[in-house]
Every structure is written in C-alpha cells, then in structure tokens.
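All of the numbers you see were taken from the coordinates with simple rules; none came from a lab. Quick caveat: nothing in here was measured; it's all calculated off a predicted structure. For neighbour counting, all protein chains shown are included, and Cβ atoms are generated from backbone atoms with ideal geometry for every residue, glycine included.
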Amino acid sequence: MKATSATPSTSAPVAHNALPPPSATSNARSSRIAPHSHIKGLGLTSDGLAAPDGAGFIGQTNAREACGVVVDLIKSRKFSGRALLLVGAPGTGKTALALAVSHELGVKVPFCPMVGSEVYSTEVKKTEVLAEAFRRAIGLRIKETKEVYEGEVTELTPAESENPLSGYGKTVSHVIVGLKTVKGTKQLRLDPTIYEAILKEKIVVGDVIYVEANTGAVKRVGRSDAYASSYDLESETYVPLPKGDVHKRKELVQDVTLGDLDAANARPQGGQDIMSVMGSLVKSGRTEVTDKLRREVNKVVKGYVDQGVAEVVPGVVFIDEVHMLDIECFTYLNALLESPMAPTVILATNRGNALVRGTTDIVSPHGIPVDLLDRCLIVKTDGYNREQIGKVVQLRSNIEGLKLGAGVLERIAEEGERGSMRYALQLLTPASILAGLAGRNQIEVEDIKEMNELFLDAKTSATNIGVGGGFDGGKMW
C-alpha cells in the first residue's frame, strides 16, 4: 500500500504520514464545501417537468416534480398547515430536496430546518422547541410610511459644551448634520443621543443615510456613488444620490418572524445599572415563551394585518429524522398543524415499519403515528444506479476542484453501487490527498484501490461483523 508518482523513474514510496509537497496554491484561501453546496434548486423547466440533470440534481425526477408542485402551493399560500413527508433510503437526496425547496422559495420566505433529536433539551420542554421552530417559520412583512430625513452627509459637526455635572471635560450638546439630495440641501440640529447612533453606524461625510423624524433612528444606506472609484473589487456599497426633498415620507419594509417577536417580548428589560447588565450576562440563554404571551403577540399581529400595515408570510419547517420524535411530540405536532397560524411542514425519514418512540406496542409505517401520517403528502426518493452515481461524483469533483484520471470515475461509481453513494463521495478527498503525497495533481485508479484497503464501507463492515460475531477478547472478527 504505497503511493507512487506518475513518473516511475523518479518516484519513491511515500508514507501515509508524510508532509505533502509544497504547492503554489498552498497559501490560497479555501472555503469549506458543504455536502449540498452543489444544490441550487429543483431543476424544473417552465412547465414543471424535471430536467434529467439540473440545478445540481441528478435523477429523482418524480420527487423533484412533486416538490415543484408543493413549492407552487406554498407560494400561492394554499399549503399552510399541511405536511409533506419525504421517505427513502439513506443517501437518496431527502435533505437535498428540502434545501432545493428553500432555494426555490427564495430568501423572503422563512425556512427553519431542524433534526428530530433537537427537541430533547434540558433547558426547555420538547413541545416548546417545536413551537419555537413553528413560530420562526412564520414571517411578518411590516410596511410603514414614516417621515424621514434622507440624503448624502455633507457636514457632521458635534457641538461641545461644559459638563454641568463636573468642572472637568466637555460633553456633546448637539450635532449639526448637513444632508444633500438631487433637489436641495438641509442642515439639521440633532440630539446628542442621535450622535451616539451615528457613531455606532460609523457614518462619515459622503455616506447616504436616513433619520426617522419620530424615533431618531439612524440608518446607513451606503456610500454615495460620487465617491466610487475604479477598483474591480470593493467592500463598500455605492448608492445614488437620493431624489426629492431631504424631508419626505418614505415607505419602509421590514421582515421579522413571530419567533423574533416572541423572544423580544419574553426577554425582561433590565435597567442600565451595572447589576442589571451583569445579571443579563449570567442568565440562561433560552427563555421559555408562555402560551399567553404568544396569544398576545398574535392579537397584535392580527391588528396590524387588519389595518393593512403588515402581511403574514407562512414559511417552511423542515424536520429531518422525524422518527426521532416521540408520541408526545407527534400529538403536539397535530395540534400545531391545526392552529390558525401554521407554516408548511416538510418531514423526512429513512425508516420503514418502526416502533413509535415513547410507546411499547405501537408499530407504524416510518415510525410516525397513523393519524399524523394521514395528514401528509408522501414523496418517495429512489436509489441511484451506477450511471447516476458517476454523474454525481463528477459534479462533486468539479465543485471541489478535483481532477480525475482515466477510469477513476467508473471505479468510484462501481464502489458507490456496491456500497453507497455517500461512501463513494467520501473517497474523493482522501484520494486527492494521497495523490498529492505522490506528487500528482489528479486522482488515479491506484489511489481508489488504496482507499479501499484503508477504509471500509458500511455494508462490508456489517458483513464482517455478521460472519465473525464482532469483537472477541480484543480480537476483531
């Protein structure tokens, strides 16, 4: 098991713990590549049909088309309070489908992923964790028309005066801010507390800002495009000079979730003294929200919606490994689905007939009680054949920037068909490291062979344990 170079005349055996040869790109900044980095959407055509290979997906045409219908239902707000169940063997793309749905919905629709085992916390109740996830998945788009002063900062001058509380030092009495728009300019005399907000936003002359007339809140929009330079890459966001008068009425849109409102109202507001600040630091990070507080928040939200000030945006809760929930959680999940404000729920599991957690005699399909199962639209994910595994491996190789030699793709696809696609994908990075140790910039077939000698796939390991009975006195198999 020794890696060899591509040129036998100059190669020498390379130990597994040897340092890799220095490369010109060793100092280059590399970003972490997640397992589903290649998923960009469902890959559907305009008429809702799944392309064979699209948006990072290979195969799973029926499941993708079914999820496309669900996306349309969510966008039209006709799927709230319902559930979609993704079932299939491990490694068949259930989580990828859920992430693709989130991509299709866009950033404006809340998407709250969680795993079934997250509900088992020592800080809060199981049902509370579920309720928090549901509330975080319900968005609220608030539209307000406010009086603001908006423009490019042309002057920023704090005026100081003697401190009345002490004979030493000075304090800011007010601040003079000059704002300019296309239509004209205006000079404002602002409170010193607003000057603190200006310092916090790191506002300087040349920035475009707006100041709310009622609250004094200051928001930095960006840098005026008059200061734009000719650099190819810049960290600044340049915006045009605002039109109209400096003092105007402006419609502002803010996106929050019901979970944000619950947390803001549940957290007690302490004083400004040192004991209150220290007490807030040592308190537990999680605060359980009562049903009474949620009803009050719902009442306020309903008032905003009736006035036309706000709009409710139902999002998606994705619960992976849903069979890990117990009978209490499933019962509470039924109640949450029936509530007036309920998001769309996507569940995923790889279980067949399984015992429902928290019971001793209830065996149900997928480990989910029949009454909840009856509420779900069920979508099955299919396994992958050798050709599809090869396409996925090629796609991941391109994403990770790996080069494959002749016959490598076929060999990895064969390993994926024999073991699993996850095992095949996991061979890529170790094999590339082994190739680098041998002084090659691409993976060869011998690297894959050596990986098979070093590592076992799940099926091979299970077979070995089954034959020999496992560990016996320190001797394996």
If a/c stays under 1.5 just call it rounded; otherwise compare a/b with b/c (prolate if a/b is bigger, oblate if not). Do that for the stretch 142-256, with a ≥ b ≥ c from the square roots of the Cα gyration tensor eigenvalues. prolate
Put a dot 7 Å past each Cα toward the Cβ at T171 and S117; how far apart are the dots in nm? 5.6 nm
Search the structure for amide H atoms under 5 Å from the amide H of G151, placed 1.01 Å from N in the peptide plane, and list their residues when 5 or more places away or on another chain. I209
Read phi for every residue in the stretch 81-88 and hand back ³J(HN,Hα) as whole Hz from Karplus 6.51 cos²θ - 1.76 cosθ + 1.60, θ = phi - 60°, with x for Gly and Pro. x, 10, 9, 10, 10, 9, 10, x
Cα centroid distance between the stretch 70-119 and the stretch 415-444, in Å? 31 Å
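For Q442 and K200, calculate 0.36 nm times their separation in residues minus their Cα-Cα distance, and state this gained length in nm to one decimal. Let's see the in-between values first.
Values: separation 242, 0.36 × 242 = 87.12 nm, distance 5.04 nm.
Taking 0.36 nm per residue and subtracting the Cα distance, the gain is 82.1 nm.
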Collect residues whose amide H, placed 1.01 Å from N in the peptide plane, falls under 5 Å from the amide H of H174; neighbours closer than 5 in sequence don't count. A159
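If r is the Cβ-Cβ distance from V69 to E162 and R0 is 60 Å, what FRET efficiency results, to the nearest 0.05? List each step's numbers first, then the result.
Working: r = 71 Å, r/R0 = 1.19.
Once the sixth-power term is evaluated, E becomes 0.25.
Provide the gained length on full extension for the span K250 to E400, in nm with one decimal, where the gain is 0.36 nm per separating residue minus the Cα-Cα distance. Let's see the in-between values first.
Values: separation 150, 0.36 × 150 = 54.00 nm, distance 4.58 nm.
Residue separation times 0.36 nm, minus the Cα-Cα distance, leaves 49.4 nm.
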Output wanted: per-residue J couplings in Hz (rounded whole) for the stretch 197-214, from phi through Karplus 6.51 cos²θ - 1.76 cosθ + 1.60, θ = phi - 60°, x for Gly and Pro. 5, 5, 5, 5, 7, 6, 7, 10, 4, x, 7, 9, 10, 9, 10, 6, 5, 7
Once you order the gyration tensor axes a ≥ b ≥ c over the Cα atoms, which shape class does the stretch 332-406 get: rounded for a/c under 1.5, otherwise prolate or oblate by comparing a/b with b/c? prolate
Label-point separation (nm) for N334 and T185, each offset 7 Å from Cα along Cα-to-Cβ? 7.1 nm
By average Cβ neighbour count within 10 Å, what is the ranking of 215-222, 138-145, 99-106, 345-352 from highest down? 345-352, 99-106, 138-145, 215-222
For the stretch 333-346, 3J(HN,Hα) per residue [Karplus equation, 6.51 cos²θ - 1.76 cosθ + 1.60, θ = phi - 60°, Hz, x = Gly/Pro]: 5, 4, 5, 5, 5, 8, 6, x, 9, 10, x, 6, 10, 10
